[in-house]
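No value in this document is a laboratory result; all are computed from the given coordinates. These numbers come from a predicted model, not from an experiment. FYI the Cβ positions are ideal-geometry reconstructions off the backbone, even for glycines, and counts take in every protein chain you see.
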Amino acid sequence: MQRRAFVKTTGLIGSAFTLAGPSALATSHSSINHTVPAAPYWLDGPMRWAQLAFVERDPGHYDPDFWLAYFKRIHADGALLSAGGVVAFYPTAIPLHHRSDFLGNADTLGYLVEGCKKLGMKIMLRTDPHAARQNVYDAHPDWIAVTAEGQKRRHWANPALWVTCALGPYNADFMTQVNREIMERYQPEGIFSNRWAGHDICYCEHCTRNFNTATGLALPQKIDRLDPTYRKWTDWRMNRLRSVWALWDSEIRKQKPTSRFIPNGFPDKIVTGREADLFFADQQARRGLMAPWANGKGAKELRSTLGMKPLIGIFSVGIEEEFRWKDSVQSDAEIRIWVAEGTANGMRPCFVKFGGDIYDKRWMEAVAKLYDGYHRNETYLRNTASMARVGVVYSEQTDRNYGGKPWQQKSGDHVDGIYHALVEGRIPFDMVNDRLLTPDDLSRFKLLILPNIAALSDAQCKQLQAFVDLGGSLVATFETSLYDEEGNPRPNFGLAGLFGVSYAGQVEGPMRNSYLHLRHDAKDSQTSQILNGLVDTPRIINAVYKVDVKPTGTFPSPVTLIPTYPDLPMEDVYPRVAETDTRELYLRQAGKGRVAYIPGDLDRSFWQLLNTDHGQLLRNVIQWALDEEPVVAVTGPGVVDVTVWRQAKSMTVHLVNLTNPMMMKGPFRELIPVAAQVTVRVPAGAHVRGVTLLMSGQKPAFDVKNGLVAVNVPSILDHEIVALDLV
């Protein structure tokens, strides 16, 4: 086998790398995508992945046959194995590529690759280029990242190592040769690179010079997403990373045309969806107060740009908290819920174990049971389309370009509030990237929800108007469309014509001791729907902030403002104004669609307070705007996340049971079963020939009437899948 020695190159960041600027990159990727099939046969094959992340002492210290036997037991059909970068687990011939001190003359990686191939598994090999040893520093100090203070950057977790610059010749030249050697030796299906994108702003000589050449500016001195120079740096960095991706991918395909480079994360989901033919999502477990549906949310966001390309969800069997106990073990219940959320939302599971030596085997049975169930029902997990009719818009440009004012903090809570309200309402939905709003992108949705999508371009506003013109409905909150795509304020909403209101020039809040007055009218069906479940109260608490608006048309008034009044001293706690005519909800019919605008941050307030009245009102508004019979209705106790998919010959309803006292603070201690009654609307022209509860293996009785299938699910422990076989 041919060996290639490392050859130092000169220039700004390596000769191969400098050719891949934005325009060159577009040409490079265009030619790649046209000369190689977009979906090689293997891409859509593996459904259950196993990742073994070696540590340096594994060679000679771990038992590879133990792992091969486990892979076989759990029906794993894809393997993600550590190969090189900071440590080589094979006999590398590249100078400065550190070979494991425990490797000797063995080929630890090669033995496992051969064993996995004998099991019929597809192979993805992992590299990690983010750190290097002293000899690399001594030979090429310019490869090392530099802090704002001008110091070479020591590794934060292991001071014996140095942090490399992701945008310079270490990645462009050295890691390109590492990738080439790995491909030549093992011919994997692809290379997955961990921590390849760098850490914070690097001030090395290459970054300093190249950023100045591209922009005429000096590097920003700190991370401030509203600073114009920092914004230019993020754009510049994204282009450099795209160039790295393009370079590595093209070199990998030269060795094996069907192989791919898969980056671990990319700062732009649109680019990810366009460039990646499959993707590994590295969202391993909960931490802090993260909701258990967070894995599903990440899957939905990636699905919005990837479409139905294979999406693999890496999950950790250990605890993912701040202090990173990498040899820890989560509870079985926590693992099962996290994986169920990913699978229900279209991800294929991939467990990751750090280190070949195993200290605690408690996780292994839980993973084996999950994989066995998914293996038995693999056909029903090969989804062809989501059947959700509700889309929740998320905005990377709002995340980048919005903020700074007191009422704009924690803006991500708007999306989380809507997300949780939909989960509690058992309403199937998908996420929608705000840069994918064409009629083709939106054709399957009846309703779009815009949870404070503040930064929208004129073109995006026109696309949303077109969606409504074609019969779609909108629900929007707070400052949606008050800023352009760069975060510059508008004098009025970009969607003012749809909302039927104009901006009155200010945001009020925090609204201490303020309330929403509910004007009940049993004779008005619209008001009854909006105030459903709230009939016993004349008022509920207000949102924390509200945008002042002026109506430009005639509106109903089911929800109006009770202004702030003193909350101390106790003798003064009474309303100075009993009620007003200031609406806090604007409802209008727009052709065949409906539009609801909520001027308050009701979604964010719901997430921060988890007030039941807020959740009920949000769900009522959403159901009113949807204005159609649901594709699936699920009744019964508890919190159940519902997703609906089509397959080639079937339709599935995933039910993930989140009912647990530890739902908002992990880990789950146990799984608490609930029952459910499920009614599914059968697609037009299809007939149901059988119903199966896949995870429990039951064949329940079912009724079919007027295109609806009704079935009782006697027990949902963590994850049940109702499968309808269709003809």
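Could you sort 388-394, 107-113 so that the peptide with the highest average Cβ count within 10 Å comes first and the rest follow in order?
Top of the packing list down: 388-394, 107-113.
Would you calculate the volume per residue, in Å³, of the smallest convex hull containing every Cα atom of region 654-727?
93
For region 474-510, list residues with backbone N below 14 Å from a point placed 7 Å from the Cα of residue 548 toward its Cβ?
Backbone N within reach: 502-510.
What per residue convex hull volume, in Å³, do the alpha-carbon atoms of region 388-626 yield?
118
Which angle from 0 to 90°, rounded to the nearest 10, does the C-alpha axis of helix 362-376 make with the longest principal axis of the chain?
The helix 362-376 is inclined about 80 degrees to the chain.
Of 117/309; 309/699; 118/254; 410/546; 152/222, which pairs sit farther than 20 Å apart, going by alpha carbon to alpha carbon?
Over 20 Å Cα-Cα: 117/309; 309/699; 118/254.
Between helix 22-35 and the chain, what is the angle of the helix's C-alpha long axis to the longest principal axis, kept within 0 to 90° and rounded to the nearest 10?
That helix lies at roughly 80 degrees to the long axis.
With a cut-off of 13 Å, note down the residues of region 434-464 whose backbone N falls inside the zone around a label point 7 Å from the Cα of residue 270 toward its beta carbon.
Answer for region 434-464: 434-438, 456-461.
Within 10 Å, count the other beta carbons around each residue, average over each peptide in 239-246, 629-636, and list them highest first.
Packing order, densest peptide first, comes out as 239-246, 629-636.
Rounded to the nearest 500, what is the 222 nm mean residue ellipticity of the chain from helices alone, with -39500 (n - 2.57) per DSSP H run of 4+ residues and division by all residues?
The helix-only estimate for the chain comes to -8500 deg cm²/dmol at 222 nm.
For the chain, find the longest principal axis of its Cα atoms and tell me its angle to the long axis of helix 612-626, 0 to 90°, nearest 10.
90
Step by step: find N for the chain, compute 2.2 N^0.38 Å, then divide the Cα radius of gyration by it. What's the final number?
1.01
Using modelled amide H (1.01 Å from N, peptide plane; none on Pro or chain starts), what sits under 5 Å from the amide H of residue 315, excluding residues fewer than 5 places away?
Result for residue 315 returns 350, 351, 352.
Consider a paramagnetic label point 7 Å from the Cα of residue 410 along Cα→Cβ; state which residues of region 648-675 have an amide N under 19 Å from it.
Flagged as within label range: 663-666.
Obtain the radius of gyration and the Kirkwood radius of region 603-727 from its C-alpha atoms and give Rg over Rh.
For region 603-727, the value is 1.01.
Looking at the chain, send over the antiparallel percent of its DSSP beta bridges, to the nearest 5.
So the antiparallel bridges in the chain amount to around 55 percent.
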